[in-house]
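Note sheet for the following structure.
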Amino acid sequence: MNKQLALEDAARLIRDGQVITIGGTLCQRVPAAFVREIARQGVRDLELVKPSPGYDIDLLAAAGCVRRIRSGIVSLEQPYGMAPNFRRAVEEGRLEVIENACPTIMASLQAASFGVPFQPVAGLEGSDIPKVSGFGKVADPFTGKEVYVVPAIRPDWAIIHVNEADVRGNARIYGSPVWDRLMSRAAQRCILTTEKILPTEHFAAQPELTIIPEVFVEAVVLARGGAWPTSSYPEYDVDDDGMWNYLERLRAPEGLARYLEESKSHDRSGIEVAA
Amino acid sequence: MSSSYGPPEMMAVAMARLIRDGELVFVGVNSPLPLVAVSLARRLHAPSSTLLSIGGGINPTPNKLGPATSNARLSVGSASVFDNVDFYGLVARGGVDTTFLGLAQVDERARVNSSFIGERQRPAVRFPGGGGAAAILPLSRRVILWRASHSPRIFVKEVPFVTSAGNIDRIVTPLCIFRKEKGQLVLDSLHPYVTRERLVESTGFAIKNLDGAPLTPPPTEGELAELMRVDPEGVRRVEFPARELSAA
């Protein structure tokens with residue numbers, strides 16, 4: 001079954017008020033073209049669930065697409081530092097943060113992927129996070145020892161940028177899959193953006209390298225350079241000029257609209273090339 | 001002070017010295033100085049220590065170090081890819097000896113706030129969040145905190161929110177090293193270019209062992225030479241605000 005869609009059509013799958021998780025980490029292998037397309041389409045009231053967002057939440061916060069985030073750390077990493085548009089949105093009360101640790105988000109996604117209602121988490125002693133974020137504490141029925149638990153969170157969508165996919169949605173990620181393997185199992189459905197579309201035979205030749213199998217995937221978008229200005233190892237690293245340009249543009253009041261317009265042809269070019 | 005080193009070199013060397021040979025050491029996101037320090041220690045006194053990088057590699061051998069420590073290039077040269085889920089399982093079952101973690105604020109009882117100041121729903125200041133720290137601090141056998149800045153707004157009497165607390169061994173700053181003793185931060189050593197008056201002015205709580213603490217031994221010629229080989233491009237400097245580099 002051919003699941004290939006144009007970027008604009010795939011982004012229309014995301015509806016106001018849905019819960020999403022986004023692959024990659026900080027400024028590494030973020031499905032950035034898709035994130036920008038969500039912003040162009042003006043999707044509202046999303047909840048982002050992700051242990052370590054960066055460029056994605058910064059842009060979505062600037063665009064007002066997200067009303068709540070569950071995360072462990074939000075950063076653009078060095079040398080760019082903290083995500084300034086995320087910070088402003090939270091400090092102005094436009095974006096609610098449900099404070100987590102990276103492994104508590106992981107555990108919520110694991111519970112969803114295992115089909116169980118909650119998941120125990122190791123650690124957290126001495127932290128105020130369980131109290132403010134509504135985690136539970138239960139006695140282990142076998143030993144009586146107390147353990148923190150977090151609820152299952154099943155996102156509506158996992159949006160993941162991959163190196164290679166076929167049109168059916170089998171995908172390889174080179175380098176670390178970060179959290180993406182888990183995200184693909186936890187979400188209801190996955191949307192992939194991919195550097196390359198290759199025949200299914202390529203994946204069948206070494207099926208153990210397929211991180212995401214087609215059964216989880218709703219749509220595949222050809223997006224060459226689709227992680228830009230974040231990295232997609234091994235094809236390209238973080239684009240330093242692209243990151244500074246992004247930060248500079250968004251300092252002006254109308255900067256986001258201009259940035260989204262300027263990046264539109266880059267983002268939508270994958271399909272034109274394919275056609 | 002000597003022109004051969006400044007706060008970035010002092011911190012990188014001080015952090016490297018804290019790594020023990022044979023340890024499994026984790027370097028997470030947003031951690032340029034720890035990446036340099038572990039790479040340095042492995043070429044000096046701790047060749048049998050293992051670097052586990054959040055970039056996915058075990059003892060990776062990238063052709064150069066860069067400022068982004070979540071970069072997948074930190075799996076180059078590794079014989080396996082060790083992803084985030086692998087790491088959090090390992091630390092939860094007690095498999096990590098030493099972890100480096102950053103901080104936004106820390107108080108005299110060694111409690112870390114990396115979350116926010118003020119009302120949760122509309123904070124006066126939003127910080128990045130603690131990453132995995134809330135889970136790692138009680139679970140990693142030893143945690144070394146670092147911050148490339150030292151001021152009374154960072155080293156406070158009492159944090160307004162506790163993101164994480166636990167097995168803190170040392171805190172390394174541009175001015176000094178603290179250790180944790182009986183639940184309190186105690187001055188371990190003062191860097192050679194810092195006066196005790198300056199440390200007092202830069203810290204928001206009364207410093208224990210202020211007069212008794214020795215000076216941190218300055219970086220040796222050998223340590224500095226190896227540091228330049230490990231980090232020729234100066235990744236160790238990227239975290240420093242300009243004032244910390246000029247004030248030394």
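The values are calculated or read from the model by the stated rules, or taken from the named source; none is laboratory data. Only a predicted model underlies this, so the values are computations on that prediction, with no experimental measurement involved. Cβ: placed from backbone, ideal geometry, glycine included. Neighbour counts: every protein chain shown.
Quick one: would you say B:Val96 is of a type outside the set (Gly, Ala, Ser), more than 20 Å from A:Arg29 (Cβ to Cβ), within 11 Å of another protein chain (Cβ to nearest Cβ) and in contact with a helix residue (DSSP H, G or I) (Cβ under 8 Å, 6 or more places away or on another chain)? The answer is no for B:Val96. Among the numbered conditions (1) over 17 Å from the mean Cα position of the chain (by Cα); (2) closer than 30 Å to A:Glu96 by Cβ; (3) not hydroxyl-bearing (Ser, Thr, Tyr), the only one that B:Pro217 does not meet is (2).
Of the residues making up region B:192-206, just one is farther than 17 Å from B:Arg179 by Cβ, in a loop (DSSP other than H, G, I, E, B) and among the β-branched types (Val, Ile, Thr), namely B:Thr195.
Would you mind finding the one in A:Ile212, A:Ile197 that is within 28 Å of A:Asn100 (Cβ to Cβ), of a type in the set (A, V, I, L, M) and in contact (Cβ under 8 Å) with a residue 40 or more places away in the chain? That would be A:Ile212, the only listed residue that is within 28 Å of A:Asn100 (Cβ to Cβ), of a type in the set (A, V, I, L, M) and in contact (Cβ under 8 Å) with a residue 40 or more places away in the chain. Restricting region A:1-16 to residues that are more than 16 Å from the chain's Cα centre (by Cα), modelled with pLDDT of 95 or more and assigned to a loop (DSSP other than H, G, I, E, B) leaves a set whose member that is farthest from A:Ala223 (Cα to Cα) is A:Asp16. Going through (1) more than 8 Å from chain B (Cβ to nearest Cβ); (2) hydrophobic (A, V, I, L, M, F, W, C); (3) buried (at least 22 other Cβ atoms within 10 Å of the Cβ) one by one, A:Ile129 falls short only on (1). Of the strands (runs of 3 or more DSSP E) contained entirely in region B:115-191, those carrying at least 2 residues that are more than 10 Å from chain A (Cβ to nearest Cβ) and not small (Gly, Ala, Ser) fall at B:142-146, B:168-172, B:176-181, B:184-190.
Of everything in region A:194-213 that is surrounded by fewer than 20 Cβ atoms within 10 Å (Cβ to Cβ) and among the acidic types (Asp, Glu), the residue that is nearest to A:Pro234 (Cα to Cα) is A:Glu208. Only residues that are acidic (Asp, Glu) and outside any helix (DSSP H, G or I) were counted across region B:207-248, and they come to 4. Scan region A:134-151 and tell me whether some residue there is under 30 Å from B:Asn71 (Cβ atoms) and among the hydroxyl-bearing types (Ser, Thr, Tyr). Within region A:134-151, none of the residues are under 30 Å from B:Asn71 (Cβ atoms) and among the hydroxyl-bearing types (Ser, Thr, Tyr).
Take region B:40-77 and flag every residue that is of a type in the set (Val, Ile, Thr) and either surrounded by 20 or more Cβ atoms within 10 Å (Cβ to Cβ) or touching a residue at least 40 places away in the same chain (Cβ under 8 Å) (or both). Hits for region B:40-77 are B:Ile54, B:Thr69. Applying the condition of being surrounded by 17 or more Cβ atoms within 10 Å (Cβ to Cβ) and out of contact with any Phe, Trp or Tyr (no Cβ under 7 Å at 6 or more places or on another chain) to region B:190-208 and asking which residue is farthest from B:Ser31 (Cα to Cα) yields B:Ile207. For B:Arg179, state whether it is over 30 Å from A:Ile98 (Cβ atoms), among the charged types (D, E, K, R) and surrounded by fewer than 17 Cβ atoms within 10 Å (Cβ to Cβ). When the stated conditions are applied, B:Arg179 does not pass them.
Here's the yes/no breakdown for (1) surrounded by fewer than 20 Cβ atoms within 10 Å (Cβ to Cβ); (2) more than 12 Å from every other protein chain (Cβ to nearest Cβ); (3) free of Cβ contacts under 8 Å to residues at least 24 places away in the same chain; (4) out of contact with any helix residue (DSSP H, G or I) (no Cβ under 7 Å at 6 or more places or on another chain):
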| residue | (1), (2), (3), (4) |
| --- | --- |
| A:Gly136 | yes, yes, yes, yes |
| A:Thr143 | yes, yes, yes, yes |
| A:Tyr148 | no, no, no, no |
| A:Ile160 | no, yes, no, no |
| A:Arg168 | yes, yes, no, no |
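Screening B:Gly66 with (1) more than 10 Å from every other protein chain (Cβ to nearest Cβ); (2) at pLDDT below 95 gives one miss only, at (1). None of A:Val238, A:Val217 is away from every other protein chain (no Cβ under 14 Å), touching a Cys at 6+ places or on another chain (Cβ under 9 Å) and surrounded by 18 or more Cβ atoms within 10 Å (Cβ to Cβ) except A:Val217.
When A:Ser108 is tested against the conditions (1) under 30 Å from B:Arg93 (Cβ atoms); (2) among the hydroxyl-bearing types (Ser, Thr, Tyr); (3) assigned to a loop (DSSP other than H, G, I, E, B), the lone failure is (3).
Scanning region B:102-114 for residues that are outside any loop (DSSP other than H, G, I, E, B) and within 11 Å of chain A (Cβ to nearest Cβ) returns B:Val112, B:Asn113. Quick check: anything in region A:229-245 on the phi > 0 side of the Ramachandran plot and outside any helix (DSSP H, G or I)? No, region A:229-245 contains no residue that is on the phi > 0 side of the Ramachandran plot and outside any helix (DSSP H, G or I). In region A:62-121, the residue that is surrounded by the fewest Cβ atoms within 10 Å (Cβ to Cβ) out of those that are facing chain B (nearest Cβ under 8 Å), charged (D, E, K, R) and in contact (Cβ under 8 Å) with a residue 24 or more places away in the chain is A:Glu96.
Can you find a residue in region A:26-42 that is closer than 24 Å to A:Lys3 by Cβ and within 14 Å of chain B (Cβ to nearest Cβ)? The answer is yes; a qualifying residue exists. Can you find a residue in region A:52-64 that is in a loop (DSSP other than H, G, I, E, B) and in contact with a Pro (Cβ under 9 Å, 6 or more places away or on another chain)? Checked against the condition, which is being in a loop (DSSP other than H, G, I, E, B) and in contact with a Pro (Cβ under 9 Å, 6 or more places away or on another chain), region A:52-64 yields no hits at all. So which residues in region A:40-60 are touching a residue at least 24 places away in the same chain (Cβ under 8 Å), farther than 21 Å from A:Asp239 by Cα and of a type outside the set (Val, Ile, Thr)? Residues satisfying the conditions are A:Arg40, A:Gln41, A:Arg44, A:Asp45, A:Leu46, A:Glu47, A:Leu48, A:Lys50, A:Pro51.
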